[in-house]
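Comments concern the structure below.
The values are calculated or read from the model by the stated rules, or taken from the named source; none is laboratory data. The structure displayed is predicted, hence computed values, not measured ones. Cβ placement follows ideal geometry from the backbone for every residue including glycine, while neighbour counts extend to all protein chains displayed.
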Amino acid sequence: MHIDMDAFYASVEQRDDPQLRGKPVIVAWRGKRSVVCAASYEARKYGVRSAMPAVRAEQLCPNAVFLPPDFVRYRTVSRQVHEILKRHTDIIEPLSLDEAYLDVSENKAGLPTATEVARSIRRHIRIELNLTASAGVAPNKFLAKIASDWKKPDGLFVIQPDDVNSFLLPLPVGRLPGVGKVTEEKLKSLVIDTVGDLRKMDLESLDSSFGRYGLRLYELARGIDNSPVVPDRMTQSISSEDTFEHDALLADLEPMIRKLSENTWTAACKETRIARTVVLKLKTSEFRILTRSQTPDSPPTSCDELTSIALALRSRVELHTKQRFRLVGVGLSNFRYPEDVAAQPTLFA
């Protein structure tokens, strides 16, 4: 089963402020470099989506209510959702604050089917938290995730084992996990538009065209996904990096560091835990990899704080000023639960 809260951050804001209900709400810091953390369904009608530049979102929906994100509150609500999930099963794999996989082959409530478990979870979330969640029930994880998105918002969709082929084969290949724009375009160049088209390809051809990912495509096209639901799979680090078309000086890397910091912060905000360490990664034109890190007394609480630390870490790169770099990355690591961070004593207090 895959449980996905509907427009989570925006829905929490609308729940807690009745004046926002029915209005287009965009959760984002305003500014040229900010990105959308979440958008209500009223805002989505205008084309606003998560990870979109906030400036673009404002152009699409000028009447939207912009709210700065409150991740302390969102994490609190996420823990409440998790408590409801744990009443039904202990085999839960959180993906972010607002979604998780569940293995309900056996369930604590003794309900006869996974569909009934999904209905129970959604009902408790609605009654206790005044929020909605969508659920997908299927024989494996990747199908369950596709199913949870099928009837959003506030939907439940079930793929029975006997219905996998009739559901899967007509889907566009872009619906398969891991198939991004580049892979999708490459598949289309091979005249593969649907999963049904993909299934006609033999393993040798897919391996030749896509390397190790060819086997994954071969299995997905046949509805195969043997990956288990892994409880408490801990994120070790989150990072974004980019390789330059032309090697650049350290002094010229600020724009890219700012952009990568935004990407990393957006991804980290979906985590239930808080990162304490900021990492700057560099690769010289000679392919030498350097990393510099800092663990501040208090974890970064905003994208601006993360960016400031990442930029400051450049001063700890002791190389000639004319040294050129081919890659830069910004990362977060050393994740802790919020209560553990709060309990952390100040060094030399």
Total residues in the stretch 168-190, condition closer than 14 Å to R222 by Cβ, in a helix (DSSP H, G or I) and free of Cβ contacts under 8 Å to residues at least 40 places away in the same chain:
1
Of all residues in the stretch 242-263 being assigned to a helix (DSSP H, G or I) and of a type in the set (S, T, N, Q), the one that is nearest to R292 (Cα to Cα):
S261
Write out, first by first residue and then by second, each pair whose Cβ atoms fall under 7 Å of each other, whose residues are 6+ apart or on separate chains, and whose first residue, in the stretch 196-213, is assigned to a helix (DSSP H, G or I) while the second is aromatic (F, W, Y) and buried (at least 17 other Cβ atoms within 10 Å of the Cβ).
L203/Y218; L206/Y218
State which residue is farthest from L282 (Cα to Cα) when the search covers only the stretch 318-349 and only residues that are among the aliphatic types (A, V, I, L, M) and modelled with pLDDT of 90 or more.
L332
Take Y41 and tell me if it is surrounded by fewer than 19 Cβ atoms within 10 Å (Cβ to Cβ) and in contact (Cβ under 8 Å) with a residue 12 or more places away in the chain.
yes
Determine whether the stretch 79-97 contains at least one residue that is within 21 Å of V158 (Cα to Cα), crowded, with 22+ Cβ neighbours inside 10 Å, outside the structural domain of A7 (by TED's automatic domain parsing) and charged (D, E, K, R).
no
Search the stretch 132-167 for residues being among the acidic types (D, E) and in a helix (DSSP H, G or I), and hand back the single one that is surrounded by the most Cβ atoms within 10 Å (Cβ to Cβ).
D163
Is it true that some residue in the stretch 308-322 is closer than 29 Å to K270 by Cα, β-branched (V, I, T) and in contact (Cβ under 8 Å) with a residue 60 or more places away in the chain?
no
Residues being at pLDDT below 90 and under 19 Å from the mean Cα position of the chain (by Cα): count how many of those fall in the stretch 208-229.
0
Checked A135, A118 against criteria (under 20 Å from the mean Cα position of the chain (by Cα), not charged (D, E, K, R) and not assigned by TED's automatic domain parsing to the domain that holds G214); the one match is A135
Tell me, yes or no, whether the stretch 61-78 has at least one residue that is out of contact with any Pro (no Cβ under 7 Å at 6 or more places or on another chain), within 30 Å of V158 (Cβ to Cβ) and either without any contact (Cβ under 8 Å) to a residue 60 or more places away in the chain or in the same structural domain as C303 (by TED's automatic domain parsing) (or both).
no
Could you check, for the stretch 53-69, whether at least one of its residues is basic (K, R) and assigned to a loop (DSSP other than H, G, I, E, B)?
no
Candidates S261, S333, S315, S298 - the one that is loosely packed, with under 13 Cβ neighbours inside 10 Å and either within 25 Å of the chain's Cα centre (by Cα) or aliphatic (A, V, I, L, M) (or both)
S298
So which residues in the stretch 252-281 are within 14 Å of L313 (Cβ to Cβ) and aliphatic (A, V, I, L, M), if there are any at all?
L253, M256, I257, L260, V278, V279, L280
Among the residues listed as V48, V55, the single one being outside the structural domain of K270 (by TED's automatic domain parsing) and either among the acidic types (D, E) or in contact with a strand residue (DSSP E or B) (Cβ under 6 Å, 6 or more places away or on another chain) (or both)
V48
Exactly one of these conditions fails for M256: (1) closer than 30 Å to V164 by Cβ; (2) touching a residue at least 40 places away in the same chain (Cβ under 8 Å). Give me its number.
(1)
Candidates Y74, Y101, Y46 - the one that is part of a strand (DSSP E or B), farther than 15 Å from V35 by Cα and either in contact with a helix residue (DSSP H, G or I) (Cβ under 9 Å, 6 or more places away or on another chain) or at pLDDT below 95 (or both)
Y101
